[in-house]
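Step one of this worksheet: look at the structure below.
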Amino acid sequence: MGDRWHVEVDRAVCISSGFCAGSAPEAFRLDAARQSHPREDELDASESVLAAAESCPVEAILIQMAETGDPVFPD
Ligand code: SF4
């Protein structure tokens with residue numbers, strides 16, 4: 001079985017660019033105020049989720065290994 005990631009969005013930091021929901025719509029959605037939310041607290045590790053975190057202009061997306069809490073992004 002692949003790794004599972006715990007994903008959070010710091011909505012105090014999110015500037016509503018929409019990049020994450022645009023590039024990984026299976027993992028992120030925007031609410032009515034265009035603030036990003038992970039669709040689940042835990043997601044399968046994937047390149048698209050990592051790319052979304054990397055493309056966030058304010059590094060509002062935090063990824064940790066679900067099992068250990070070790071940081072994935074930012075590392
Ligand atoms: S890419 Fe970052 S700033 Fe843009 S909506 Fe997603 S979390 Fe917010």
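Structure above, values below:
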{"item": "Those residues of the range 19-32 which are within 11 Å of the ligand (Cβ to nearest atom) and either hydroxyl-bearing (Ser, Thr, Tyr) or surrounded by 13 or more Cβ atoms within 10 Å (Cβ to Cβ) (or both), in sequence order", "result": "Phe19, Cys20, Ala21, Ser23, Ala24, Ala27, Phe28, Arg29, Leu30"}
{"item": "Hits in the range 1-10 - residues which are under 11 Å from Ile61 (Cβ atoms) and either more than 10 Å from the ligand (Cβ to nearest atom) or not β-branched (Val, Ile, Thr) (or both)", "result": "Trp5, Val7, Glu8, Asp10"}
{"item": "Positions within the range 34-44 being in contact with a Lys or Arg (Cβ under 9 Å, 6 or more places away or on another chain) and open to solvent by 40 Å² or more (accessible area, probe 1.4 Å), in sequence order", "result": "Arg39, Glu42, Asp44"}
{"item": "Matching residues, the range 57-68, being surrounded by 14 or more Cβ atoms within 10 Å (Cβ to Cβ) and over 9 Å from the mean Cα position of the chain (by Cα)", "result": "Gln64, Met65, Ala66"}
{"item": "Given (1) in contact with a Phe, Trp or Tyr (Cβ under 8 Å, 6 or more places away or on another chain); (2) more than 7 Å from the ligand (Cβ to nearest atom); (3) open to solvent by less than 90 Å² (accessible area, probe 1.4 Å), number of the condition Glu54 does not satisfy", "result": "(3)"}
{"item": "Filter pass, Gln35 being polar (S, T, N, Q) and more than 8 Å from the ligand (Cβ to nearest atom)", "result": "no"}
{"item": "Scan of the range 1-18 for residues that are within 18 Å of Pro71 (Cβ to Cβ), surrounded by 14 or more Cβ atoms within 10 Å (Cβ to Cβ) and among the hydrophobic types (A, V, I, L, M, F, W, C), ordered by number", "result": "Trp5, Val7, Val9"}
{"item": "Boolean, Glu47 is under 10 Å from the mean Cα position of the chain (by Cα) and open to solvent by 60 Å² or more (accessible area, probe 1.4 Å)", "result": "no"}
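Rundown of residues vs (1) out of contact with any Phe, Trp or Tyr (no Cβ under 9 Å at 6 or more places or on another chain); (2) at pLDDT below 95, yes/no style:
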site: Cys14; (1), (2): yes, no
site: Arg34; (1), (2): yes, no
site: Ile63; (1), (2): no, no
site: Asp70; (1), (2): yes, no
site: Asp75; (1), (2): yes, yes
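The values are calculated or read from the model by the stated rules, or taken from the named source; none is laboratory data. It should be emphasised that the depicted structure is a prediction, and the values quoted were computed from it without experimental measurement. Cβ coordinates were reconstructed from backbone atoms using ideal geometry, including for glycine residues, and neighbour counts include every protein chain displayed. Only protein heavy atoms, including side chains, enter the accessible area calculation; ligands, DNA and RNA are left aside. Shrake-Rupley method; radii C 1.70, N 1.55, O 1.52, S 1.80 Å.
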